[in-house]
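Inspection log for the structure reproduced underneath, given as structure tokens.
Coordinate-derived values only; no laboratory data. Since this is a predicted model, take the numbers as computed values, not measurements. Neighbour counts run over all protein chains shown; Cβ positions are idealised from the backbone, glycine included.
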Amino acid sequence: MKSKKKKHYIPILAGTLIAIVVFIPSIFYIRNKIIEKNMPSMEDFYFLVYEGMEEPQRTIIYKYDAQRDETYEVGRVAGYFHNGEIDSKKEYIMGLRGSLVNEENPEAEFGVVRFSLKDGTSEILLSDEEMHTFREGDIHWLLSYFGDDGEKVYINYRYGPEYIYKDIISYDLTTGERKKVYLPTRKFKDILGVSEDAVWYRSNFVITRYDLRTGELQETVEDAWRAYISDDESKFAFTRSGDNQHVYLYDMESREEKCILKAGWNTVFNDYYQYAAGWDKSGEYYFYVEVFMRMASNDTRVKVYNLRTGKSRCVYREPKSHGGFEFVRNAGV
């Protein structure tokens, strides 16, 4: 009798397993499709890959076409072209040409560079020599930014013992007007973003927003390393100090944070660069770089995280990568 009862349980168990393996994933798949249907369309986005290990040094510009679901090269700029911002009409990308290391004789002149998406040409708008006439001190290339639809550049100067003091000079590329951007502390560590309204920066590992109009100082998360702010400043993704295997999301209104991405085995998220990740204008899609570490080279992937479904997908892969990847920000961020 007991053996017969066991036989009756076998089909039930088999049916349960089939439901778990087949039907439950299908429900989540259908759910995600319904969510994606009601979401705003993903916009095209651009990213930069600096091939600093090769000669001559150059930066390749890639575009992800959302309608075609395809990533392809759109142009190249000599040297290290970084901290890029695309204009609102998507006609050109503004960027800085500097260096990750101290170059005595760079192959391409440092300064403010504009790359045309129409014909693939680039031109220098403000040279390194001109930038140094603004004030004394060394220019911190990685911490200089664009704003106002690419019409202004915020130049970061450092000086004093061990460069502990910094100033930001705003330069209008259309009028030539220059002025100092005031910050409540001169010992801030990293600028995360600059606009006409606010400066985001990291000080003592705290992500802080300083309102340039009202003087309001708003501190957010602690023990942070990098932060990538959405266009409407309602949220930002960030990594923690000493941890490049997790990405967290912080909501400015609720002041809540949660982990949204966790790297797999031997995998890290690229957070070395200030522009290592970014958002689309809707704030629903987060673009980031994932690196699988190898002895000789890295397997690098550019991915898109869907904020509502919590799922990511790869849009570009470079199996043997030696270069640096950076996201091109939207105009005005």
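Miscellaneous remarks
- Interchain or long-range residues, amide H under 5 Å from K235's placed H: S230, M252
- Think of region 44-327 as a dipole: +1 on every Lys or Arg Cβ, -1 on every Asp or Glu Cβ, centred on the Cα centre; then among G150, L249, G52, L249 lies furthest on the positive end.
- Net +/- balance of residues flanking N266 in space, Cβ distance below 13 Å, scoring K and R +1, D and E -1: -1
- The length gained by stretching the chain between T121 and C314 to full extension, at 0.36 nm per residue less their Cα-Cα distance, is 66.6 nm.
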